[in-house]
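Worksheet: the structure to be examined is printed underneath.
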Amino acid sequence: MDAVIIVSTHGSTAPGGAVGWAWINHAGGQFDSGGAARGTDQVAALSALLRAIEAHPGDEPLLVESSSQYAVRSVSEWSEAWKRNGWRSPSGDPVPNLELVRDIDGAVVARTGPVRFHWVRGHVGNPFNERVEQLAGFAAEEWDAGRGGVGEMLVPDAGMIPDAELRGGSVPAEPAEAPSAPSPPAVATTGPTWESVTLF
């Protein structure tokens, strides 16, 4: 069986109404983030799921994690019934965020490898969930301040690679590191208080 690709996702909103989304791949830490000038928590979380799927084509199983129960349940539990009902809720109302839910459904169908969604509890020490939450929050703040944009590098001096370069496959070489002081001794821990469960 192919190795499972695990990707954490998060959506965030800023006080002024802008939203940010982000995903981070557990293997190697590749990430992407973006946003919009207006939106909701649900739109941000669903956007993160969609972008994560689109960024990981291929045959390998893909496990997409989110701390949004709404997003996970929308695309893994409720969407099949909505489709059977003409993309309407059981009460006949239009499905909330229909365009995003349909786009995610289409991305899952188009992907050659299987996709599963997994809800993870936030704020329990999962380093991937915490980092992706920071990235989404930063993207929302940038859009809220009027600095968001497609394909732009939000923090050029932090060594981040513009998403346009990542998508084009051109990744700059790592600069040579200067010698550093010895690391402090490691602190013993009892292990993580989080876990990532695959559903394949």
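Bear in mind these aren't lab numbers, they're just calculated from the coordinates by the rules spelled out. Computed from a predicted model, the values in this text were never measured in an experiment. Glycine gets a Cβ as well: all are built from the backbone with ideal geometry, and neighbour counts include every protein chain shown.
A few points about this structure:
- Sites H26 and E77 - FRET efficiency at Förster radius 30 Å, r taken between beta-carbons, to 0.05: 0.80
- Ordered by the number of other Cβ atoms lying within 10 Å of each residue's own Cβ, fewest first, I53, I6, I104 fall into the sequence I6, I53, I104.
- Estimated dipole of the stretch 5-165 in Debye, rounded to 20 [Cβ of Lys and Arg +1, of Asp and Glu -1, Cα centre]: 560 debye
- Spin-label proximity, E60 to the stretch 10-40 - amide N less than 18 Å from point 7 Å beyond Cα toward beta carbon: 23-32
- Along the stretch 66-77 the Karplus relation, 6.51 cos²θ - 1.76 cosθ + 1.60 evaluated at θ = phi - 60°, assigns HN-Hα couplings of 8, 8, 9, 4, 4, 5, 4, 5, 4, 9, 10, 10 Hz to successive residues, with x for each Gly and Pro.
- Ordering T13, T112, T40 from the fewest to the most neighbouring beta carbons within 10 Å gives T112, T40, T13.
- Within-10-Å neighbourhood charge of D105 [Cβ basis; K, R +1; D, E -1]: 0
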